[in-house]
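Engineer: If you scroll down you'll find the structure; I have some questions about it.
The values are calculated or read from the model by the stated rules, or taken from the named source; none is laboratory data. All figures in this text were calculated on a predicted structure; none of them were measured in a lab. Here the Cβ is made from the backbone with ideal geometry for all residues, glycine too, and neighbour counts use every protein chain on show.
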Amino acid sequence: MRYMLVPSAALLLFVVQGTANVLVEVNEGTLEGTYEQNEYGGSFYSFKAIPYALPPVGDLRFKAPLPPTSWQGVRSAKEVSSVCYQVNLLAFEVNGTGSEDCLYLNVYTPDVNPTELLPVMFWIHGGGFFSGNGGDMDFGPEFLVRHDVVYVAINYRLDILGFLSLDIEEVPGNAGLKDQAAALLWVKDNIRQFGGDPDKVTIFGESAGAASVTYHMISPMSKGLFKRAIAQSASPIAHWPRIMEPREKAITFARKLGFTSTDPHEIYEYLKSLPVETIVKLSVPVTIDEQAIIPMSTNFATVIEKDFGNGEAFLTEDLIEALEKGIHEDVDVMSGYTEHEGIFGLVLRGHNENVFKYGEFLEFFCPLELRYHCNKKQILEIGRQMRNRYINDDLVTEEKIWDIITYLSLEDFMFDAIRWQKIIAQSGSNKFYFYKFTCKSELNIMTDLFGMRGLLGPGTFVTHADDLMYLFPPKLYPIEVALNSTEFRMIETVTTLWTNFAKYGNPTPDESLGAHWAPYTIQNQDYLDIGEQLVPGTEPDKEHVEFWEEIYKKYLPERSSGRMDTGNALLIVGLFFISKKIGGM
């Protein structure tokens, strides 16, 4: 064994039979990782399957995570951990995979002993809160670490294991979000040992991961654990990250298993006693919408918790009201969506057969949030206006499929992303950047993976999750990314924007990318079209957004982004800057 010492008390690099390994000391003990060459240039250190909490098994099932225990000797950190137990419905899986013992994270760093601590990018994977993982086959570090950032990816509990809520102190809900907060706390306490700056952490995620990111911006549990946030294709006020009647869903779930008690404590004990394979593959719709309109809707997801005063509550306040008070101060935000999000909306609704079947009804064209809050007469009125706007009151047929995709893009992702952006921008105390992702290349594979090519025909589309291939190497797919290719040039642009934001709080701090990305404000509504070229613009998808805003103002004004008019917003912004100036005198 050959040892090579480096000038750090926490680090020992050694070579065994030609393989470079590295030891790093964290609070719980010593980790042994690896030193790896990056096929896209440079090298990095890799540490995998680091425990950030106790295994949530036995009596800890459904509960908030507890801190990890220390270990003796050297712990290997060379292989990824098991994924959190799941059944991936979007991959048409029938049987579950993974383990309940899954609360681990991976750290990748270009330098464990830099002269100056490096920014940290903390990835939260998507998957509808029922699937996904933070492993390097899906979300490898190779593209990002080239830009001198420390990259962290985590697992967190999913489905019923991570999001059961019984409205009792033992199971208030949001355990999966609390896992994420526990991982953030671990990073805060240990990331220096990997060369990372604990005061410069950027959380970022896509889909359910992005929804999680937005919840951390308002949760007291996450306050002070990160500096910046990137939310890709999600917002906290969209209909799909939250579930209706979580306690009723739990009761229905237990009944489906043959347990008829409605006592939440008895249900808790019963579900805690069952094998994990029994409880993670049931579908339990509790509304007609869940059963018919969106048959693949999330089983268990985020909830507004009852606060039991034990310091373990993650979300306890209505989201609109919480957002209007402002997100955590001094947190910069970058968010946006892809050009054709609605292709995924077809997938969620059971592909085209369900769309054509239920598209005959006016209710289909009433956004789900409005269906939750309006009476039947209003729902039909809204549906008629939407159907007239998007398909000219025609039948839902294949000839109208792109009109339907436009509608579903707005319902599931785009409108709520802009509505959320407007709500939080009214505070004037944070810096925001907004984008529309339009990159088109061989990397855009999601339309084919979703099985939509036969319906949509030839062409390159930018649907939900297509942006991920420009941030993480497509290891699971037969795509070769040459360093001199158009694809790699776009990868370099996207990863530069993302890592610039993590470093400086500004995606374009200079003119090196050929465009200036202005911050989003209520007044200008600036955004950046991120395609093969970077094109600044204002008021993304303006005509659609204005039409939807009028609908919301009429039928659900208390949840409209227009609750505070522009004049009041300008007044608040002005008062904010006056107070900052006075305070600095």
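Engineer: Given the condition at pLDDT 90 or above and either farther than 16 Å from residue 130 by Cα or exposed (fewer than 14 other Cβ atoms within 10 Å of the Cβ) (or both), answer yes or no: does some residue in the range 289-304 qualify?
Structural biologist: Within the range 289-304 (the criterion being at pLDDT 90 or above and either farther than 16 Å from residue 130 by Cα or exposed (fewer than 14 other Cβ atoms within 10 Å of the Cβ) (or both)), the answer is yes, since at least one residue qualifies.
Engineer: Name, by its number, the condition in (1) within 29 Å of residue 108 (Cβ to Cβ); (2) crowded, with 18+ Cβ neighbours inside 10 Å that does not hold for residue 480.
Structural biologist: (2)
Engineer: If you take the residues in the range 81-97 that are crowded, with 18+ Cβ neighbours inside 10 Å and at pLDDT 95 or above, which one is nearest to residue 24 (Cα to Cα)?
Structural biologist: Top of the filtered list is 81.
Engineer: Name the strands (runs of 3 or more DSSP E) wholly within the range 23-124 that hold at least 1 residues that are within 15 Å of residue 196 (Cβ to Cβ) and among the β-branched types (Val, Ile, Thr)? Give the derivation first.
Structural biologist: Values: elements: 29-37, 43-51, 74-76, 104-109, 118-124.
Fully inside the range 23-124 and qualifying: 43-51, 104-109, 118-124.
Engineer: Hey, another quick one. I need the full set of residues from the range 217-264 which are in contact with a strand residue (DSSP E or B) (Cβ under 6 Å, 6 or more places away or on another chain) and over 14 Å from residue 203 (Cβ atoms), in order please.
Structural biologist: 233, 241, 242, 264
Engineer: Give the range 300-324 a look and list any residue that's β-branched (Val, Ile, Thr), in a loop (DSSP other than H, G, I, E, B) and in contact with a Leu (Cβ under 7 Å, 6 or more places away or on another chain), or say none. Break it down stepwise before answering.
Structural biologist: We begin by selecting, within the range 300-324, every residue β-branched (Val, Ile, Thr); these are 302-304, 316, 320.
This time we only want the ones that are in a loop (DSSP other than H, G, I, E, B), so: 303-304, 316.
Scanning the range 300-324 gives a single hit, 304.
Engineer: Continuing with the same structure: Does residue 251 satisfy being free of Cβ contacts under 8 Å to residues at least 40 places away in the same chain, assigned to a helix (DSSP H, G or I) and either of a type in the set (Gly, Ala, Ser) or farther than 30 Å from residue 506 by Cα (or both)?
Structural biologist: Working: free of Cβ contacts under 8 Å to residues at least 40 places away in the same chain: yes; assigned to a helix (DSSP H, G or I): yes; either of a type in the set (Gly, Ala, Ser) or farther than 30 Å from residue 506 by Cα (or both): yes.
In short, yes.
Engineer: Of the residues that sit in the range 148-161 and are under 22 Å from residue 233 (Cβ atoms) and out of contact with any Leu (no Cβ under 8 Å at 6 or more places or on another chain), which one is surrounded by the fewest Cβ atoms within 10 Å (Cβ to Cβ)?
Structural biologist: The qualifying residue surrounded by the fewest Cβ atoms within 10 Å (Cβ to Cβ) is 159.
Engineer: Next question. From the set of residues in the range 522-579 that are of a type in the set (Phe, Trp, Tyr) and either closer than 20 Å to residue 336 by Cβ or at pLDDT 95 or above (or both), which is surrounded by the fewest Cβ atoms within 10 Å (Cβ to Cβ)?
Structural biologist: Of the residues in the range 522-579, the ones of a type in the set (Phe, Trp, Tyr) are 527, 547-548, 552, 555, 576-577.
Checking which are either closer than 20 Å to residue 336 by Cβ or at pLDDT 95 or above (or both) leaves us with 527, 547-548, 552, 555.
Values: 527: 25, 547: 15, 548: 23, 552: 21, 555: 20.
Within the range 522-579, the match that is surrounded by the fewest Cβ atoms within 10 Å (Cβ to Cβ) is 547.
Engineer: Regarding residue 404, is this residue in contact with a Ser or Thr (Cβ under 9 Å, 6 or more places away or on another chain) and part of a helix (DSSP H, G or I)?
Structural biologist: Working: in contact with a Ser or Thr (Cβ under 9 Å, 6 or more places away or on another chain): no; part of a helix (DSSP H, G or I): yes.
Considered against the rule, which asks whether it is in contact with a Ser or Thr (Cβ under 9 Å, 6 or more places away or on another chain) and part of a helix (DSSP H, G or I), residue 404 comes out as no.
Engineer: Which residue is farthest from residue 187 (Cα to Cα), if the candidates are limited to the range 21-45 and must be of a type outside the set (Val, Ile, Thr) and crowded, with 21+ Cβ neighbours inside 10 Å?
Structural biologist: Narrowing the range 21-45 to residues of a type outside the set (Val, Ile, Thr): 21, 23, 25, 27-29, 31-33, 35-45.
With crowded, with 21+ Cβ neighbours inside 10 Å added as a condition, the list becomes 31, 33, 44-45.
Working: 31: 15, 33: 17, 44: 18, 45: 16 Å.
If we take residues in the range 21-45 being of a type outside the set (Val, Ile, Thr) and crowded, with 21+ Cβ neighbours inside 10 Å, then 44 is farthest from residue 187 (Cα to Cα).
Engineer: Whether any residue in the range 508-520 is surrounded by fewer than 20 Cβ atoms within 10 Å (Cβ to Cβ), touching a residue at least 24 places away in the same chain (Cβ under 8 Å) and over 15 Å from residue 467 (Cβ atoms) is what I want to check. Lay out the reasoning, then the answer.
Structural biologist: We begin by selecting, within the range 508-520, every residue surrounded by fewer than 20 Cβ atoms within 10 Å (Cβ to Cβ); these are 509-516, 518-519.
Okay, now just the ones that are also touching a residue at least 24 places away in the same chain (Cβ under 8 Å), so 519.
Within this subset, residues satisfying the condition of being over 15 Å from residue 467 (Cβ atoms) are 519.
Yes, because at least one residue in the range 508-520 is surrounded by fewer than 20 Cβ atoms within 10 Å (Cβ to Cβ), touching a residue at least 24 places away in the same chain (Cβ under 8 Å) and over 15 Å from residue 467 (Cβ atoms).
Engineer: Count, please, the residues in the range 146-174 that happen to be closer than 12 Å to residue 106 by Cβ and either among the aliphatic types (A, V, I, L, M) or in contact (Cβ under 8 Å) with a residue 60 or more places away in the chain (or both).
Structural biologist: The initial filter retains those residues of the range 146-174 that are closer than 12 Å to residue 106 by Cβ, namely 150-155.
When the remaining residues are screened for being either among the aliphatic types (A, V, I, L, M) or in contact (Cβ under 8 Å) with a residue 60 or more places away in the chain (or both), the result is 150, 152-155.
Count: 5.
Engineer: To continue, here is another question. Suppose the filter is surrounded by fewer than 22 Cβ atoms within 10 Å (Cβ to Cβ), in contact with a helix residue (DSSP H, G or I) (Cβ under 6 Å, 6 or more places away or on another chain) and either on the phi < 0 side of the Ramachandran plot or not small (Gly, Ala, Ser) (or both); does residue 358 pass it? Before the answer, list the steps.
Structural biologist: Values: surrounded by fewer than 22 Cβ atoms within 10 Å (Cβ to Cβ): yes; in contact with a helix residue (DSSP H, G or I) (Cβ under 6 Å, 6 or more places away or on another chain): yes; either on the phi < 0 side of the Ramachandran plot or not small (Gly, Ala, Ser) (or both): yes.
Against the criterion (surrounded by fewer than 22 Cβ atoms within 10 Å (Cβ to Cβ), in contact with a helix residue (DSSP H, G or I) (Cβ under 6 Å, 6 or more places away or on another chain) and either on the phi < 0 side of the Ramachandran plot or not small (Gly, Ala, Ser) (or both)), residue 358 qualifies.
Engineer: Hey, another quick one. Being outside any loop (DSSP other than H, G, I, E, B), touching a strand residue (DSSP E or B) at 6+ places or on another chain (Cβ under 8 Å) and more than 17 Å from residue 491 (Cβ to Cβ) is the filter here, so list the residues in the range 530-543 that pass it.
Structural biologist: Result: 535, 536, 537, 538.
Engineer: Residues being assigned to a loop (DSSP other than H, G, I, E, B), among the polar types (S, T, N, Q) and closer than 17 Å to residue 48 by Cα: count how many of those fall in the range 147-187. So that I can check it myself, show each step before the final result.
Structural biologist: Taking the range 147-187 first, the residues assigned to a loop (DSSP other than H, G, I, E, B) are 147-149, 155-158, 164-167, 169-170, 172-174.
From the residues that got through so far, the ones that are among the polar types (S, T, N, Q) too are 155, 165, 174.
Still in the running and closer than 17 Å to residue 48 by Cα: 155.
Matching residues across the range 147-187 total 1.
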